[in-house]
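The values are calculated or read from the model by the stated rules, or taken from the named source; none is laboratory data. Since the model is a prediction, treat every value here as computed from it, not as a measurement. Backbone-built Cβ (ideal geometry, glycine too); neighbour counts: all protein chains shown.
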Amino acid sequence: MVHSIDDMVLMTGDKDAVAVWERFRNFSIDRYVDTYKRLNITYDVYSGESQVRPESIAHASTVLEERGLLVQDKGATLINLEKFKLAKPLIKKRDGTSLYLTRDIGAAKQRYDEYKFDKMVYVVASQQDLHLKQLFKILELMGYEWASRCQHVNFGMVSNPPSPQQFPY
């Protein structure tokens with residue numbers, strides 16, 4: 001079952017859909033870069049969970065299973081983090097579809113393998129605070145010593161500045 005354009009593109013491999021998706025993704029990244037440039041901010045790499053290789057997700061699933069972290073509930077797969085006051089995040093839907101968190105787990109491992117980073121900083125809106133706390137705790141429970149080197153730098157909602165007509169003073 002397809003739940004998003006990313007799922008559709010990544011699951012079907014439809015070349016036309018992939019081309020459209022890549023165009024929109026590149027356009028979005030160009031806009032991010034322009035915005036960051038105005039703030040005098042640059043990053044070495046701009047990437048997201050949609051670029052995670054399927055084998056990275058499969059590896060993450062294997063490690064989660066081997067560590068006994070997965071719990072089945074009504075056909076869905078989750079991780080019980082209640083003892084850490086981090087709820088029970090869903091890892092896989094009943095239909096087998098991976099979720100953002102699943103891909104983030106694979107992405108973190110993929111990035112560590114690729115870059116051997118000293119620190120990995122996630123610059124993500126504050127609405128994702130719980131998600132990233134869950135991600136970092138899961139990486140720690142998976143036994144990755146580098147999990148403690150992942151950091152979330154959050155920010156509030158970004159909106160357009162008011163026009164002079166709205167605030168004439």
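Being at pLDDT 90 or above and within 13 Å of Ser61 (Cα to Cα) is the filter; apply it to segment 89-102 and report the residue that is surrounded by the fewest Cβ atoms within 10 Å (Cβ to Cβ).
Going through the qualifying residues, I end up with Leu90.
Filter segment 38-84 down to the residues that are among the small types (Gly, Ala, Ser) and over 12 Å from Arg103 (Cβ atoms), then identify the one that is surrounded by the most Cβ atoms within 10 Å (Cβ to Cβ).
Ranking the candidates gives Ala76 first.
Test Val33 against the criterion of being part of a helix (DSSP H, G or I), more than 17 Å from the chain's Cα centre (by Cα), at pLDDT 95 or above and over 21 Å from Leu130 (Cβ atoms), and give yes or no.
no
What are the pairs, 6+ residues apart or on separate chains, where a residue within segment 68-92 that is assigned by TED's automatic domain parsing to the domain that holds Asp129 has its Cβ under 6 Å from a residue that is part of a loop (DSSP other than H, G, I, E, B) and surrounded by 15 or more Cβ atoms within 10 Å (Cβ to Cβ)?
Filtered contacts from segment 68-92: Ala76/Lys93; Ile79/Leu69; Ile79/Pro89; Leu90/Leu99.
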